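Report on the following structure.
The values are calculated or read from the model by the stated rules, or taken from the named source; none is laboratory data. What you see is a predicted model; the values in this text were computed from it and never measured. Here the Cβ is made from the backbone with ideal geometry for all residues, glycine too, and neighbour counts use every protein chain on show. Side chains are part of the model used for accessible areas, which takes the heavy atoms of the whole protein and leaves out ligands, DNA and RNA. Shrake-Rupley method; radii C 1.70, N 1.55, O 1.52, S 1.80 Å.
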Amino acid sequence: MKWPFSKKKEAGHKLVFKPEGFLEYQCKYGHTEIQPQKVGIVAMVLDAQKEFGTSSPVAWKPDGTQQAVLKVASEDGGFIVNSQTAKPGGEPLAPGDIVIWLPWQYVDHPLLKESDIDPRFGWVGFIVAKVKPEIDPSEPDFSVTSRYD
């Protein structure tokens, strides 16, 4: 007989989101400052086939890495970059997956200056992890489902 002498510890309450809602939440309340080679930023995998007419939503490269189009969290609602996993292996990526994108360096291309393309498209970075679109107030880190670093 436990009650009233000992109370059962209640499980923590996680905030679970749909991918688009999680990205929106991160744009408002998460880390969005680009700090090259230091801090990853939440991003969502987009369907490259729909966005740019590629042959598949996410591409597998011959070396085993995956290439994807991402919408990266930012204060203005997000920006698009082309990225790849840092290393081969890990779970296959799919549109709607939430990932951690590590910005690496900016590549200044003349076409970015001559067009109305968002200049942040020039950022080169790597997908280092896939995470669940949830927040556990009792845990400081995201729940990683696959690593690519």
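Values computed for the structure shown
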quantity	calculated
The range 135-149 residues that are under 18 Å from Val39 (Cβ atoms), paired with ones that are open to solvent by 90 Å² or more (accessible area, probe 1.4 Å) and not polar (S, T, N, Q) (beta carbon under 7 Å, 6 or more apart)	Ile135/Lys14; Tyr148/Lys87; Asp149/Lys87
In the range 55-75, residue most open to solvent (accessible area, probe 1.4 Å) [restricted to those that are farther than 18 Å from Asp97 by Cα and in contact (Cβ under 8 Å) with a residue 12 or more places away in the chain]	Glu75
Selection within the range 123-149 - closer than 18 Å to Gln66 by Cβ, assigned to a loop (DSSP other than H, G, I, E, B) and open to solvent by 80 Å² or more (accessible area, probe 1.4 Å)	Asp149
Exclusive hit being open to solvent by less than 60 Å² (accessible area, probe 1.4 Å), touching a Gly at 6+ places or on another chain (Cβ under 6 Å) and farther than 21 Å from Phe17 by Cβ, set Ser115, Ser83	Ser83
Check on Gly96, under 11 Å from the mean Cα position of the chain (by Cα) and surrounded by 14 or more Cβ atoms within 10 Å (Cβ to Cβ)	yes
